[in-house]
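The values are calculated or read from the model by the stated rules, or taken from the named source; none is laboratory data. Computed from a predicted structure; not experimentally measured. With ideal geometry, Cβ positions are generated from the backbone for all residues, glycine too; neighbour counts draw on all protein chains shown.
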Amino acid sequence: MARRALIAASEMLSADADADAVGAAQRATGGRCEVQLWPGMFHVFQVGHRLLPEARAFLTAVEQFIADVETTALTGDPRPV
C-alpha cells in the first residue's frame with residue numbers, strides 16, 4: 001500500500017517550498033501526498049482553531065484525511081489524493 005501524507009504550510013513562511021519539495025519526493029517514490037498551502041497564516045496556525053476559520057478548515061481536512069486512510073485500510077479502495 002502506498003504511503004500517504006497530508007502536509008500543511010503557511011505561504012508566509014519559506015517552508016512552502018519545502019512542503020512542495022517533500023510532497024514531490026513522496027510522490028516520486030510511489031507515495032501519495034497532498035500539500036496544502038495556507039495564505040496569510042503563521043507557523044502552527046492550527047493552534048488558533050477557536051479563533052481562525054482557516055485553522056478549523058484545516059482540522060476538518062485532517063479529519064477527512066484520516067477517515068480516508070482508515071477506509072482504504074479496511075476496503076483496499078484508495079481515494080485519490
Test: residue in the stretch 25-38 that is touching a residue at least 12 places away in the same chain (Cβ under 8 Å) and of a type in the set (Gly, Ala, Ser): yes
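Within the stretch 27-36, can you find the residues that are among the polar types (S, T, N, Q) and either at pLDDT 95 or above or in a strand (DSSP E or B) (or both)?
Result: Gln36, single match.
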Selection status of Ala55, of a type in the set (Gly, Ala, Ser), assigned to a helix (DSSP H, G or I), touching a Gly at 6+ places or on another chain (Cβ under 9 Å) and surrounded by 14 or more Cβ atoms within 10 Å (Cβ to Cβ): yes
From the options Ala19, Ala9, Ala67, Ala15, residue that is modelled with pLDDT under 95, among the hydrophobic types (A, V, I, L, M, F, W, C) and exposed (fewer than 14 other Cβ atoms within 10 Å of the Cβ): Ala67
The stretch 26-44, residues that are within 15 Å of Leu6 (Cβ to Cβ) and not polar (S, T, N, Q): Arg27, Gly31, Arg32, Cys33, Glu34, Val35, Leu37, Trp38
